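The values are calculated or read from the model by the stated rules, or taken from the named source; none is laboratory data. Computed from a prediction, not measured in an experiment: that's the story for all the values here. Ideal geometry is used to build each Cβ from the backbone, glycine not excepted, and the neighbour counts take in all protein chains shown. Remember, those area values only see protein heavy atoms, side chains included, never the ligands or the DNA or RNA. Shrake-Rupley method; radii C 1.70, N 1.55, O 1.52, S 1.80 Å.
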Amino acid sequence: MSIFDKIKEKLSHEFIDIVEWLDYTNDTIAHRFERYQNEIKNGAKLIVREGQMAVFINEGQLADVFKPGTYDLTTQNLPILSTLKGWKYGFNSPFKAEVYFVNTTLFTDEKWGTKNPITLSDNRFGLVEIRAFGTYAFKIADAGKFIIDIVGTDNNFTNFEINEHLKSLIATRFTDTVGEANLPIELYAANTTELSETCQEVMKTEFLSVGISLEKFYIENVSMPEELKKEIFEYSRLDKIDLDKLTKFKTAKAIEAAANNDGGTAGAGMGMGMGFVMAQQMGGMMSPQMGGQQQMPQQQQQYQQPQAAAIPPPMPQAVSYFYAVNGAQAGPVSFDQLRSLFASRSINKDTLVWKAGMDGWKALSTVEELKGFLGGNTPPPLPM
């Protein structure tokens, strides 16, 4: 650039007496007003439009902040800058200061999400992983603090530059909040509104520390692995139905499935067993019609010794168990019901149980007939 071009540039900027910013973008948060050597004429007009604030910076120090309106830039309108400059009687020559225009409108539909799964501890399912995502809205509440702490010397600061920082902050605070909530895992997805409000209150203070106001915060979805979903659905069904009926139903389904498996030995054995049962039932149906006994030849009846009437043994007494849940006694339940509770993880090997004849409450894993719940039982070796 020649010396004449420099003179022309200097003169053209010196005669600019209006300081304003027209934003033609939808993502700019802060814009530095550019002019030759940062000089502003005495008496120049400052125009701050609605949705803007103007911040004057003097040698890295925050000076004056202007809200929407039109101002004549004099020592009366620049009290802090005048103090920093040491002007006692006003000024008549151009002065140097950086002017930043800050967009104070609401930035909406900003996205956030957890980059990695969040590990939580659930009382029933142990360690589980969830993910979450949603949207948030923010605006600049303290323009001076935002320029000093975030923008610095950037001449055109956009929301893209701050979003990564805000999303990391949100993900961290969201993880802390859901961890402290200690809700059953299935309730996180069912209480997104309450959880969103709680997270917003937790994060507001940290946003304000850099001059930003968190206006809205939404959790749109909380997801978990499909295997965990299936377990939760199964658990919810078990919690609502009769465990004894469920056990009988599943047993019947297993018998039906085995009987339909014509190609396997299990199916063949089951078919034979069902045949024997049907034969016995048919025999019982025929007995009343035959007088309760088969007709034998008269000669055989003469030599038949009288036999004592068959008396069935007494019915075994059903064993009932009591168990402890959260420090409270529950029951009584049958053996099958107790096994179903163990299978659904409502109780575990350390759960205290008691039945008639026991001298006290004992852990489930120490009761001999209940050890089969734990799996891994194998028969002893055959004798040589």
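If you go through the range 123-166 and pick out every residue that is under 27 Å from the mean Cα position of the chain (by Cα) and polar (S, T, N, Q), you end up with 4. Here is a check on your reading of the model: is residue 135 closer than 30 Å to residue 20 by Cα and either surrounded by 17 or more Cβ atoms within 10 Å (Cβ to Cβ) or at pLDDT 80 or above (or both)? Considered against the rule, which asks whether it is closer than 30 Å to residue 20 by Cα and either surrounded by 17 or more Cβ atoms within 10 Å (Cβ to Cβ) or at pLDDT 80 or above (or both), residue 135 comes out as no. For beta carbons closer than 7 Å, sequence separation of 6+ or different chains, a first residue in the range 240-256 that is within 21 Å of residue 332 (Cβ to Cβ) and a second that is at pLDDT 70 or above and outside any helix (DSSP H, G or I), the qualifying pairs are 244/334. The set of residues in the range 346-379 that are basic (Lys, Arg), at pLDDT below 85 and either touching a strand residue (DSSP E or B) at 6+ places or on another chain (Cβ under 9 Å) or more than 27 Å from residue 228 (Cα to Cα) (or both) contains only 349. Comparison of 248, 229, 240 shows that the only residue that is open to solvent by less than 100 Å² (accessible area, probe 1.4 Å), out of contact with any Ser or Thr (no Cβ under 6 Å at 6 or more places or on another chain) and at pLDDT below 90 is 229.
Suppose we keep only residues that are farther than 14 Å from residue 144 by Cα and assigned to a helix (DSSP H, G or I) within the range 57-87. Which one would you say is least open to solvent (accessible area, probe 1.4 Å)? The selected residue is 82. Being open to solvent by less than 50 Å² (accessible area, probe 1.4 Å) and touching a Gly at 6+ places or on another chain (Cβ under 7 Å) is a property that does not hold for residue 169.
Of the residues that make up the range 105-121, is at least one within 30 Å of residue 182 (Cβ to Cβ), open to solvent by 80 Å² or more (accessible area, probe 1.4 Å), at pLDDT 90 or above and of a type outside the set (A, V, I, L, M)? Yes, the range 105-121 contains at least one residue that is within 30 Å of residue 182 (Cβ to Cβ), open to solvent by 80 Å² or more (accessible area, probe 1.4 Å), at pLDDT 90 or above and of a type outside the set (A, V, I, L, M).
Yes/no matrix, rows are residues, columns are (1) outside any helix (DSSP H, G or I); (2) without any contact (Cβ under 8 Å) to a residue 40 or more places away in the chain; (3) open to solvent by 20 Å² or more (accessible area, probe 1.4 Å):
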site	(1), (2), (3)
146	no, no, no
164	no, yes, yes
179	no, no, yes
205	no, yes, yes
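Residue 47 meets the conditions (1) assigned to a strand (DSSP E or B); (2) loosely packed, with under 15 Cβ neighbours inside 10 Å; (3) over 45 Å from the mean Cα position of the chain (by Cα) in every case but one. The failed one is (2).
For the range 204-224, the tally of residues that are within 14 Å of residue 145 (Cβ to Cβ) and among the charged types (D, E, K, R) stands at 1. Residue 2 satisfies every condition listed in (1) open to solvent by less than 80 Å² (accessible area, probe 1.4 Å); (2) modelled with pLDDT of 75 or more except (2).
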